[in-house]
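Below is one structure, written out as structure tokens; comments come after it.
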Amino acid sequence: MRRLFAIGLLAIHLFNIAGYSLLFQYFIYQTDTNLVARLDLNQYRESELIQFKIPISVPYITDRPDYERVDGQVEIKGVLYTYVKRKIEKDTIYLQCLPNRATQRLSKARVAYTKHVNDLPQSKKNQTGSTIKKSGIFSEYDFKTIDYQFAAPIATANSYISYLSCAPIPLAFDVPGEPPENRC
């Protein structure tokens, strides 16, 4: 009985240390996966899209006049946005994004739960100063990236490559005869 009680207390302690963070991370992952699946099926309203215009300075970039589907997230002024479409024109990238409210709510709930569990004071709107935030285990290594896929052209030109063949230079040369005698 004591052993079962000790195992139960240990399980509760381990959940308080890292379990809730992993649980919230799993819920955030599931909501992001569901949102991406809905976006892939075009189940969103065009009126909800927010367009960001980002100037870029990249030489030799090709224009893409039509929007293309892209995945990723960005946080701007505390609001989390999920990429939907991207268009590249001359020196500007146009990103159309949806506010990701579900993930935003889960992130706020995780912060509130962390403050409650760790007995941190609840922050007020007019309070200034830094607050302690316990983040996930791998959050500092969790970098969001955009995957680019480049494809080679289908039709390739026939090319002929000719190689010059030559023997390597020998290290020792054969002497045709004996050297002359040295007379002084």
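Any read-out appearing in this document is the output of simple, stated calculations on the displayed coordinates, not a laboratory observation. Everything numeric in this text was worked out from a predicted model, so none of it was measured. Every residue, glycine as well, gets a Cβ built from its backbone with ideal geometry; the counts of neighbours run over all protein chains shown.
Things to note:
- Built amide H within the under 5 Å cut-off of GLN73, gap 5+: TYR83
- Stretching THR33 away from ILE61 to a fully extended chain increases their span by 7.0 nm, per 0.36 nm per residue minus the current alpha-carbon distance.
- Percent of Cα pairs exceeding the 21 Å cut-off, where the set is segment 2-117: 54
- Relative contact order, whole percent, for segment 2-117 stands at 25, derived from Cα pairs under 8 Å and 6 or more residues apart.
- Backbone geometry of segment 77-85 corresponds, through the Karplus equation with coefficients 6.51, -1.76 and 1.60 at θ = phi - 60°, to 3J(HN,Hα) couplings of 6, x, 10, 8, 10, 10, 5, 10, 9 Hz, x marking Gly and Pro.
- Ranking of ILE17, ILE88 by count of other Cβ atoms within 10 Å, fewest first: ILE17, ILE88
- Inter-label distance for ASN16 and ARG45, nm, one decimal - labels placed 7 Å from Cα along Cα-to-Cβ: 4.5
- Annotation: amide H of LEU80 within the under-5 Å range of ASN100, sequence separation 5 or more or interchain, hydrogens built in the peptide plane.
- Between GLN73, TYR113, GLN96, the Cα set farthest toward the positive side of the dipole of segment 2-117 (charges on each charged residue's Cβ, about the Cα centre) is that of TYR113.
- In sequence order, segment 41-54 has phi-based couplings of 8, 6, 9, 8, 9, 5, 5, 7, 5, 10, 9, 10, 10, 10 Hz under the Karplus curve 6.51 cos²θ - 1.76 cosθ + 1.60, θ = phi - 60°, and Gly or Pro positions carry x.
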